[in-house]
Structure formats: structure tokens, C-alpha cells
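Note sheet for the following structure.
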């Protein structure tokens with residue numbers, strides 16, 4: 001049992017020396033679970049919620065990339081995976097990324113490199129969690145152009161970054177809407193486990209028809225949604241925000257506690273096409289929304 005309440009790390013390697021090295025370097029920062037074989041790694045993933053995973057690419061009993069892919073499918077989260085490898089071919093690194101690997105650690109096992117990569121990954125993922133898919137129950141309609149995006153529970157954040165990079169490559173602007181359901185904590189306490197089906201899903205269903213085929217909806221956590229609008233200005237983003245609020249004002253959600261009239265607060269902004277800017281804007285926008293009630297706020301990308 002993790003009595004120290006440390007973040008939990010799964011270390012997958014059949015090399016005793018590597019296991020010892022990982023424990024020596026990270027024992028004070030993580031509660032470490034060892035998995036020397038594929039079956040033990042998958043079994044651990046089915047019973048434990050991990051905050052970080054390290055996989056040795058030289059596993060003897062399985063293909064390490066296939067294992068990473070299976071771990072992602074089981075965990076259904078953005079849990080970062082650090083792959084220990086000495087293989088530097090671009091084709092292999094690209095395949096590893098496709099399998100769900102977050103970053104790479106050289107198999108020379110440099111302690112400083114390990115700490116640097118973990119620090120960078122953990123900082124990034126503390127923000128990425130704000131944009132992960134919160135619900136398997138969102139279930140968009142099959143003819144919804146955004147349905148493929150919503151069903152991808154593993155690469156949602158990376159897809160958002162890719163969309164931004166594509167916009168930059170094409171030289172077109174990107175507007176962003178950061179939406180927060182007002183009084184979400186209060187509603188969560190009142191409605192409990194029915195919150196997703198009775199409030200979040202109907203709100204998402206209400207929002208979807210207002211989006212164009214090039215808009216990118218990112219389900220998030222704690223009553224939040226993010227909409228990226230390719231080739232749209234902040235002014236067009238504000239127009240969409242006003243349409244969402246207008247439609248919402250006429251909508252009543254049926255809950256076990258009775259009819260619910262929902263309000264939201266929305267930050268509208270432009271975005272730069274890189275991950276650091278995306279994470280920073282998400283963080284600063286939701287900070288601005290903490291005390292907002294039934295408002296639309298426009299902020300500049302330079303706002304700290």
C-alpha cells in the first residue's frame with residue numbers, strides 16, 4: 001500500500017540492474033511498482049491507477065511498443081510513459097510516439113537526464129490532465145464530424161497540439177474558447193454520479209451542432225470544455241460563445257434533483273501554435289474563470 005501518498009510509478013523491465021537503478025533514483029519521489037514481465041505489467045495496470053510509467057525497450061518476453069499501446073488502452077488516461085532505449089532511428093521514435101510513448105531516456109541511464117525528463121513531463125501533464133476526456137459517456141452521434149476526436153481518449157491533448165501546428169503551417173489564426181460550467185462543484189455535490197449523464201453530456205450535445213467541421217472540441221475535467229477554432233479570429237470565437245450562452249439560456253436539463261438551468265463562463269482568446277503556449281493559455285484561462293459567473297471574457301495571448 002502506498003502509505004506515503006506518493007505518486008505511483010510502474011517500472012517495466014526484466015533487467016534487475018535497471019530495476020535497482022530506477023529505485024535508487026526515484027524511490028523518494030514515487031511509490032514504485034515493479035513489473036518484470038508483460039503479464040505482470042498489464043495486471044498491475046488493471047488494478048492500479050498509475051501517475052507515471054517507465055518501460056525498458058529491451059524486454060525479452062514481448063514487444064515494448066505493443067506493451068505501451070496495451071497499457072494505454074487499459075489505463076485510458078494520459079499517464080506519461082518514458083521509454084528507455086538506445087534506438088535513435090526516426091522511424092522507431094515515431095512508432096513509439098504512435099504507441100503512446102511520451103518521451104525517451106537514453107539506455108546509458110544518466111541520473112540527471114532522468115530527473116530532467118521526469119520533471120518536464122510531470123509539469124506538462126499536470127496541465128494536460130485539464131484537457132483529457134472526462135467521460136466515456138459523451139458518445140457523440142455517428143454523423144458528428146467531431147466524433148472521431150471525442151472517441152480518442154489517449155491522444156486528445158496531442159491532437160490539439162497537432163491542430164495548432166497545422167494552423168501555423170498553413171498560416172491561419174486559431175481562436176480558443178475555454179468554457180467552465182458555473183458552480184460546478186456545488187452541482188457535483190448535489191447531483192453526484194449522475195453529473196456526467198444528466199448535465200455534461202447534454203451540454204456537450206447542445207454545443208456540438210454549433211461547431212463547424214474544422215472546429216476541435218476538447219472534453220476536459222471539472223466541468224470544462226475547450227474549443228479550438230481553426231482559421232477563426234477571437235471576434236468569431238466571441239460570436240460562438242454568445243451563441244452557446246444564448247442556446248443554453250433556453251435549455252433546461254432534466255436531473256434526478258429536478259429541472260436545472262445551467263450557466264457557463266467562457267474565456268475567448270487567440271492561440272500560438274505550440275505546446276507551451278497552449279498549456280499556459282489553458283492554465284491562465286481557467287484561473288480567470290474561477291470566480292466568473294455567467295460571463296464571456298476576452299483575453300489577449302500575452303495575459304499572464
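Stretched out fully, how many nm does the piece from residue 189 to residue 87 gain, at 0.36 nm a residue minus the Cα gap?
On the way: separation 102, 0.36 × 102 = 36.72 nm, distance 4.94 nm.
Extending this stretch completely gives an extra 31.8 nm.
Just to confirm my numbers, what's the Cα centroid distance between the range 13-28 and the range 40-58 in Å?
The two parts, judged by their Cα centres, are 14 Å apart.
By per-residue mean of other Cβ atoms within 10 Å, what is the highest-first order of 167-180, 234-247? Walk me through the numbers on the way to the answer.
Working: 167-180: 19.2, 234-247: 17.2.
Peptide ranking by packing, descending: 167-180, 234-247.
Can you tell me which of 55-65, 15-25 comes out highest on packing, and rank the rest after it, using the mean Cβ neighbours within 10 Å? All intermediate terms of the calculation are to be shown ahead of the outcome.
On the way: 55-65: 17.8, 15-25: 14.7.
Per-residue mean Cβ counts within 10 Å order the peptides as 55-65, 15-25.
Quick check: residue separation of residue 23 and residue 254 times 0.36 nm, minus the Cα distance between them. What number comes out in nm? Don't jump to the answer; show the numbers that get you there.
Working: separation 231, 0.36 × 231 = 83.16 nm, distance 5.11 nm.
Answer, rounded to one decimal: 78.1 nm.
Quick check: from the Cα gyration tensor, does the range 8-130 come out rounded (a/c under 1.5), prolate or oblate?
Details: a/c = 1.04, a/b = 1.01, b/c = 1.03.
Verdict is rounded for the range 8-130.
All of the numbers you see were taken from the coordinates with simple rules; none came from a lab. The structure presented is a predicted model; accordingly, all values stated were derived computationally and were not measured. With ideal geometry, Cβ positions are generated from the backbone for all residues, glycine too; neighbour counts draw on all protein chains shown.
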